[in-house]
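Notes follow once the structure below has been shown.
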Amino acid sequence: MVKRKRLPPLKALRAFEVSARLGSFARAAEELCVTQTAVSHQVKILEEFVGGLLFERVSNGLLLTPLGQTIRPGIEAGFAQFESALSLLPRPQLRSVETLVISALPSFTQEWLMPRLETFRSQWPDIDVMVQTEYKMVDLHESEVDVAIRFSRPGFDRDLKADLLATEQVFPVCSPAVLDQAPGSYRCTDLRRFTLLHSSVRMVHEPWMSWDLWLEEAGCQLADITSGPCFSDPLLILRAAVAGRGLVLGRSMLVRDHLLAGRLVAPFADWRKPIMSSYFVVSTAAKAKLPKVAALRAFLLDCAQRDARGEAALAEHGTAGAVPGGRQADTLPVTNA
């Protein structure tokens, strides 16, 4: 087997080929649906690989350097060979399918996003969805991600399109199996009867996610706040609550479906804390114009609005407040932390 020499990244070669063909980083960015900065960055990677400049900037665009002129024919021929090879593949009446790449937190993906994507797929059968779950925030300019669902405070870069999906509230929830009286009827003095489930992940910008600060704000004293199981994964701590292991501080977007299904209830009717972070649908300005991205954005926003209207209807009739089975919920005062 022939061992091939190390090659530069395909993205860098593609950025060079398009830039050379169009004579402009800006026009190359439009064709590739990325930013001009991203194209320039990929070209720089290739320049570092070959050891020299490939373009000269002039008033009306770009000019290839001698080094750029040397490698351009071979790179163009390479992409032509790729196209030729792929054209040999049989294509028996395949429908046109686009892939839409979404980045989201694992907890949000499992508890809110995935149950709703089946409906999106039925409405848009020609769009295949790929979901990437990770805790690290991806660079939307440099990655293949089309849309990111971000949990953060407002204030995004101007070259990003960000729409508010939903605000968040935090309140204690547990399995109905651990209650010996009606949901919503418990008081602060009853807290010692519960096992508290703790998260080892401390959110500096959202201190109300921890029991000690939450109880301090609620004016409730507990002899031992630290006792109880501790989890590093939001999904695990939520699963423990559903299984009847104890009381957890639940985020409204993550527990909503569990509350509606009766898997979780809110024992304390007046313990709800609005937090500063919210969920946003985010994409680059360029990708926001793509039909598949626009379709998903509209779908997600509609889902969130339907959820909000449903919760408001329950609250208006006084049957559940914001928590099915509980009393009308008041909110704790919002305090900047």
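The values are calculated or read from the model by the stated rules, or taken from the named source; none is laboratory data. Keep in mind that what you see is a predicted model, and the values were worked out from it rather than measured. Glycine gets a Cβ as well: all are built from the backbone with ideal geometry, and neighbour counts include every protein chain shown. The accessibility values were calculated without ligands, DNA or RNA, using every heavy atom of the protein model including side chains. Shrake-Rupley method; radii C 1.70, N 1.55, O 1.52, S 1.80 Å.
Sort through V34, V50 and tell me the only one that's open to solvent by 20 Å² or more (accessible area, probe 1.4 Å) and farther than 17 Å from K287 by Cβ.
On the way: V34 fails: farther than 17 Å from K287 by Cβ.
Unique residue meeting the criteria: V50.
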Residues of the stretch 9-22 being farther than 24 Å from D146 by Cα and either surrounded by fewer than 16 Cβ atoms within 10 Å (Cβ to Cβ) or modelled with pLDDT under 90 (or both), which ones?
-> R21
When the stretch 110-125 is checked residue by residue, the ones that are exposed (fewer than 11 other Cβ atoms within 10 Å of the Cβ) and not small (G, A, S) are E118, Q123, P125
Check the stretch 91-101 and report whether any residue there is open to solvent by 70 Å² or more (accessible area, probe 1.4 Å), within 21 Å of A286 (Cβ to Cβ) and in contact (Cβ under 8 Å) with a residue 60 or more places away in the chain.
-> yes
Can you name every residue in the stretch 45-85 that is of a type in the set (F, W, Y) and more than 14 Å from L10 (Cα to Cα)?
-> F55
Subset of the stretch 260-289, residues open to solvent by less than 10 Å² (accessible area, probe 1.4 Å) and more than 20 Å from the chain's Cα centre (by Cα), comes to L264, A266, P267, F268, K273
Give me the pairs, please: first residue somewhere in the stretch 149-165 and over 19 Å from I275 (Cβ atoms), second residue anywhere and modelled with pLDDT under 90 and surrounded by 12 or more Cβ atoms within 10 Å (Cβ to Cβ), beta-carbon distance under 8 Å, and either six or more positions apart or on two chains.
-> D159/H141
Of the residues in the stretch 217-250, those that are of a type in the set (D, E), at pLDDT below 80 and closer than 23 Å to T167 by Cα come to E217
Report yes if some residue within the stretch 229-239 is more than 21 Å from E134 (Cα to Cα) and buried (at least 16 other Cβ atoms within 10 Å of the Cβ); otherwise report no.
-> no
